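Asker: Dumping the structure here so I can ask a few things about it.
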Amino acid sequence: MVPQKISGPVLAWLSAEPMTPAPKVLIDLLTAGGTLRAADARPGNAERFEITVPRTLAGGMCDASAADARHLPQIACIVIGTRLGLRFRGFDSTLRRLGASAIYGQCEPVAAALARIAAYERARRYVPLARNCLLDSLAQVRWLAKGGIGGRLVFGVTGEPFAAHCWLQSDKAILNDTYEHVSRFTPIMVL
């Protein structure tokens, strides 16, 4: 689901032997979009697995009415810290700092994860930083981990025009988005 003009080299790279360097056209696209920085590790094709968003997954966005003042300072610190990490350390380093325990932890029961995401959403509207899927999904991973809950961070893309999106999900629910929205994207990576 990359732009048509570079789909040939990208498809060849994805089906090549593991550890094959990414093609220059992909590096150029990621660099131009600000996704890849000079200090980041180059994309690899070592891990290949099928990623799908099952239609049976429940939508996860809970109704968020009033701000939960108990959580506002902690969530504000998480969001601001995540934003600073992305800005000054980059995406790759920020993911490594999250650690496997924050991402791969158990997401059971789903109701607890959804309640924690709802508390995040109620407080997040008072944090004066622009929302975006990457910032908020990474911050929500950290917020869930503080409650002993994990989630899968999923990255997806669309073709032309090229667009990227990320969200959190478990095996049973999309935690911070809706199926209708994420189904437009083809998942390309899950953590």
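Asker: Which distance in Å, rounded to a whole number, links the C-alpha centroids of region 72-88 and region 131-187?
Answerer: 18 Å
Asker: Using only the Cα atoms of region 124-184, build the gyration tensor, take square roots of its eigenvalues as a ≥ b ≥ c, and label the shape rounded, prolate or oblate: rounded if a/c is under 1.5, else prolate if a/b is larger than b/c, else oblate.
Answerer: The shape class here is oblate.
Asker: Compute, for region 91-191, the length of the dipole vector about the Cα centre, with Cβ point charges of +1 (Lys, Arg) and -1 (Asp, Glu) only. Units Debye, rounded to 20.
Answerer: Charge dipole of region 91-191: 400 debye, to the nearest 20.
Asker: Another question, then. Ranked by accessible surface with a 1.4 Å probe, highest first, in what order do 114, 72 come? Walk me through the numbers on the way to the answer.
Answerer: Working: 114 30, 72 55 Å².
Largest accessible area first, the list is 72, 114.
Asker: Could you work out what % of the accessible surface of region 127-190 is carbon and sulfur, using a 1.4 angstrom probe and leaving DNA, RNA and ligands out of the count? List each step's numbers first, then the result.
Answerer: Numbers: 1500 of 2700 Å².
Of all accessible area on region 127-190, carbon and sulfur atoms account for 56 percent.
Asker: So which trypsin sites (Lys or Arg not before Pro) in region 117-191 are both in a DSSP loop and have at most 13 other Cβ atoms within 10 Å of their Cβ?
Answerer: Here the trypsin sites (Lys or Arg not before Pro) that fit, given the DSSP loop and packing criteria, are 125, 131, 184.
Asker: Tell me the accessible surface of residue 180 in square angstrom (1.4 angstrom probe, heavy atoms of protein chains only), to the nearest ten.
Answerer: 130 Å²
Asker: Trypsin sites (Lys or Arg not before Pro), restricted to region 1-43: which are DSSP loop and have at most 13 other Cβ atoms within 10 Å? Working shown, then result.
Answerer: Values: sites: 5, 24, 37; in loops: 37.
Those that pass, being in a loop and sparsely packed, are 37.
Asker: Let me have the relative contact order for region 116-191, percent, based on Cα pairs under 8 Å that are six or more residues apart.
Answerer: It comes to 29 percent, rounded to a whole number.
Asker: At 1.4 Å probe size, what's the solvent-accessible area of residue 27? Round to the nearest 10 Å².
Answerer: That residue has around 30 Å² of solvent-accessible surface.
Asker: For region 118-184, with the dipole built from +1 on Lys and Arg beta-carbon atoms and -1 on Asp and Glu ones, taken about the Cα centre, which of 118, 169, 157 lies farthest toward the positive end?
Answerer: Final value for the positive-end residue is 118.
The values are calculated or read from the model by the stated rules, or taken from the named source; none is laboratory data. For clarity, every value in this text was computed on a predicted model and none was experimentally measured. Ideal geometry is used to build each Cβ from the backbone, glycine not excepted, and the neighbour counts take in all protein chains shown. All accessible areas refer to the heavy atoms of the entire protein, side chains included, with ligands and DNA or RNA removed. Shrake-Rupley method; radii C 1.70, N 1.55, O 1.52, S 1.80 Å.
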